[in-house]
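Below is the structure I would like to discuss, written out as structure tokens.
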Amino acid sequence: MKHVPPDKLILLVDDEPAIRDATLFGLRDRGFRVEAADGAESALKAVARLKPSIIISDLVMPGTNGFELFQEVHKLREYRSIPFVFLTAVDDYYAKKFGKDLGGAAYVTKPVDLDELERILLDKMGT
């Protein structure tokens, strides 16, 4: 039986409302505490305000992309330990390799498989 720790918070970042909402509500239905941001700018504000346990970020977004968001968040010492899961429609070997080399915890392609995402989140949050 899975155990979702109540003290862990996920920040979900995606500029596509339909995907963001489906993922947000799907994870909440599975017992996760999730807050959402619609892009990198709002995500950076949310990180400072919420101090999430893990970040799930879309890769392709207007302005700052998911890789750049990862780099911005990890510039600050207090947030360097926050794992990032890249969630994207970009199913490309080199993008996956770059995300891994950058330090991403996982790279999941869309459409979202909530079972796979749940397993990754539980693993990366230490449950």
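Quick note: the coordinates plus some simple rules give every number you see, no bench work behind them. Just so you know, these numbers come straight off a predicted model, no measurement behind them. Here the Cβ positions follow ideal geometry from the backbone for every residue, glycine too, while neighbour counts run over all protein chains shown.
Quick one: compute the contact order of region 1-105, relative version, from alpha carbon pairs under 8 angstrom and 6+ residues apart, as a percent. Spell out each step's value before the answer.
Details: 153 pairs, mean separation 26.0, N = 105.
Computed value for region 1-105: 25 percent relative contact order.
Going highest first, how would you order 73-82, 104-113 by mean Cβ packing within 10 Å?
Details: 73-82: 12.5, 104-113: 16.6.
Packing proxy ranking, top to bottom: 104-113, 73-82.
Rg and Dmax of region 9-124, Cα atoms, in Å?
Reported Rg and Dmax, both Å: 12.6, 34.
Name the residue, out of F84, F32, F98, whose mean-square fluctuation peaks in a Gaussian network model built on the chain with Cα pairs under 10 Å.
Result for the chain, Cα springs under 10 Å: F98 fluctuates most.
Another question, then. Using Cα springs under 10 Å in a Gaussian network model of the chain, which residue among A46, A18, A36 shows the largest mean-square fluctuation?
Maximum among the listed residues: A18.
Which is farthest toward the positive dipole end of the chain among G99, V4, A22, measuring Cα position about the Cα centre, with Cβ charges +1 (Lys, Arg) and -1 (Asp, Glu)?
Going by the charge dipole, the pick is V4.
Using a cut-off of 23 Å between alpha-carbon atoms, which lysines can reach K75, once sequence neighbours fewer than 8 places away in the same chain are excluded?
Those lysines meeting the cut-off are K8, K45, K51, K96, K97, K100, K124.
Would you please give the residues with an amide H less than 5 Å from that of I56, counting only those at least 5 places away or on a separate chain, with H modeled from the backbone geometry?
Amide H neighbours of I56, under 5 Å, 5+ apart: L11, L12, V13, V85.
7 Å from Cα along Cα→Cβ at both R49 and K110: what's the point-to-point distance in nm?
2.3 nm
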